[in-house]
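In what follows, a structure is listed as structure tokens, so that the remarks can point back to it.
The values are calculated or read from the model by the stated rules, or taken from the named source; none is laboratory data. In this text the structure is predicted, and so the values were computed from the model without any measurement. Using ideal geometry, Cβ is built from the backbone for each residue, glycine included, and neighbour counts are taken over all protein chains shown. Calculation scope for accessible area: heavy atoms of the full protein, side chains included, ligands and nucleic acids excluded. Shrake-Rupley method; radii C 1.70, N 1.55, O 1.52, S 1.80 Å.
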Amino acid sequence: MSSHANVKLSEDHSSARSSYGALFKEGYVHRDLYVKQSLFDEEMRLLFGGTWVYIGHETELPNANDFIRRRIGRRPVVFVRKEDGNVDVIVNRCPHRGALLCRFERGNAKRFTCGYHAWSFENDGACVAIPLRHAYGEDFRLEDHDLLKPARVDRYRGFVFASMSPNVPPLLEHLAGAASYLDQWLDRGTGQKVIVNNGSMIFTCHANWKTVYDNAGDGYHPPFSHESMLRVFTRRYGDDTDMSYFPSGSNEGPMVSRDLGNGHTVIDQRPAMHAKSAWRRQHVHPGREVTEAAVFDQFGEDAGIKALDASTGAGMNISIFPNMLIVGNQIQIVDPVAANQTSIQWFSTSLEGAPVEINTTRMRMQEDFPSFGEVDDTAQWESCQEGMEAVPEMEWIDIRRHIATNQGTVGADGWQTHPITSDLHMRAYYRQWLRVMNEGARSATQSVGK
């Protein structure tokens, strides 16, 4: 079997160049990963500073000179569409005294002017004006004071990523097997372009960012954490409703969890959710009957069901390490704030040129889970955080599910497929966590030694 078979996180623990290996043993991770503020600080510097980080979708910036503030770890950045129509990322820090340059969450501007001393910069980062410039002497050059930019900015089918480090692989190589699932997510249904222009919902939870990321690929919790929600659905709409197919007994069914390489994973619900019709198993929402009739009238029943099935959700939870999640038809950005605080931003999506009934249905489905199910999840994340912080005598967090059952398979690419209740997701991304953190620590040590 592949060396990934047991997903041993100890593969480079023997290296004296890094202390991060002590945080792992086979099937377990140390509580410090969730509760230690100094380790969180190192993650923001080495992990978020040493890999590709999701910034946003290009359709969030429909017009030239549109901008939105985002972050790369703790680094404030501005996601911009320049005058020439290309998207870019600039670091939101004035090179003069360090003030935040852009202080509006979003807007439209060709130029940013610092509120402290009025240094001005084009939205491509070029320094273009400084008041009373003569006081800096004849050798002062504006071009020496351009804004810092990430070392790499690239996009894949509308998804824009940036890296503060130049020492990252090409974006497509980084995405590895996740690129294929992004393709499937984008191309399903009637194939219209996905656009992200409905605003977003932001909320804060008092838990480490990795508890949120853990949960995104966890197919073990739904029948238990979301029991009250599923009970309501069953009472109102019968047994065959959305998410009722998650296993609560020994038979784990056809759904799977897959390692996609480089810390990315997917839990694939489609074999159950789309076994017949995802639309027809969805619970009732306002306007359902009118929507169905209008779509059938326009497309016919077969093509109409295909369009409606896609409007209910993708049936894939795609996790792009370290900060991008796709759940149903929605995109999430996981934004770490502190060791015990995380901001989570949900973005609904629409289809360009789709009938109003389809996009309305997508919105109804997207209103559903964050407003209902995410409340359950947040309660669990905060409870985990409290328990991990409060009991230092219990050092280890268990991520062993399906290490020893031999129910997984290994593909030619060396990546595993497991039953959906496996902890494969956590083991896969922590392997990448350890690699990037070790590389960052080694680079930092070498830089100091020069």
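List of remarks:
- Applying the Karplus relation 6.51 cos²θ - 1.76 cosθ + 1.60 with θ = phi - 60° to region 402-408 yields 3J(HN,Hα) values of 6, 6, 9, 8, 6, 8, x Hz, where x marks Gly and Pro.
- Principal semi-axes of the equivalent ellipsoid, √(5λ) from the alpha carbon gyration tensor of region 241-389, are 30, 18, 15 Å from largest down.
- Distant-in-sequence amide H partners of A207 (H built 1.01 Å from N, under 5 Å): Q341, T342
- Whole-percent carbon and sulfur share, accessible surface of the chain, 1.4 Å: 49 percent
- Region 23-81: C-alpha pair distances exceeding 19 Å, %: 50 percent
- Per residue, the accessible area of the chain comes to 44 Å², computed with a 1.4 Å probe over protein heavy atoms only.
- Region 320-432: projected area of the alpha-carbon convex hull, averaged over directions, in nm²: 10.3 nm²
- Long-range amide H partners of V77 with built H, under 5 Å: R70, R71, I72, N92
- Along the axis of the charge dipole computed for the chain (Cβ charges of +1 for Lys and Arg, -1 for Asp and Glu, origin at the Cα centre), the listed residues P355, V212, P150 are led at the positive end by P150.
- Note that region 297-307 has calculated 3J(HN,Hα) couplings of 5, 7, 10, x, 5, 5, 5, x, 5, 4, 5 Hz, one per residue in order, obtained from phi through the Karplus relation 6.51 cos²θ - 1.76 cosθ + 1.60 (θ = phi - 60°); glycine and proline are x.
- Cβ-Cβ FRET estimate between T113 and R74, R0 fixed at 35 Å, reported to 0.05: 0.90
- Rounded to the nearest 20 debye, the dipole size of the chain about its Cα centre is 800 debye, using +1 on the Cβ of Lys and Arg and -1 on the Cβ of Asp and Glu.
- Once the Cα-Cα distance is subtracted from the 0.36 nm per residue extended length, the R103 to D297 segment shows a gain of 65.0 nm.
- Percentage relative contact order, the chain, counting C-alpha pairs under 8 Å, at least six apart: 22 percent
- Straight Cα distances below 15 angstrom link K306 to the aspartates and glutamates D187, E292, D297, E357, with same-chain residues fewer than 8 positions distant left out.
- The HN-Hα couplings worked out from phi for region 111-121 by the Karplus form 6.51 cos²θ - 1.76 cosθ + 1.60 (θ = phi - 60°) are 9, 10, 10, 5, x, 7, 10, 6, 5, 10, 9 Hz, whole numbers, x standing for Gly and Pro.
- Taking only the alpha carbons of region 145-216, we obtain Rg and Dmax values of 16.0, 48 Å in that order.
- Where N is the number of residues in the chain, Cα Rg divided by 2.2 N^0.38 Å: 1.04
- CD proxy at 222 nm, helix term only [per DSSP H run n ≥ 4: -39500 (n - 2.57); per residue of the chain; nearest 500]: -9500 deg cm²/dmol
- Of the cross-linked pairs K110/K193; K193/K276; K36/K110; K149/K210; K82/K193, those separated by over 31 Å at the C-alpha level are K36/K110.
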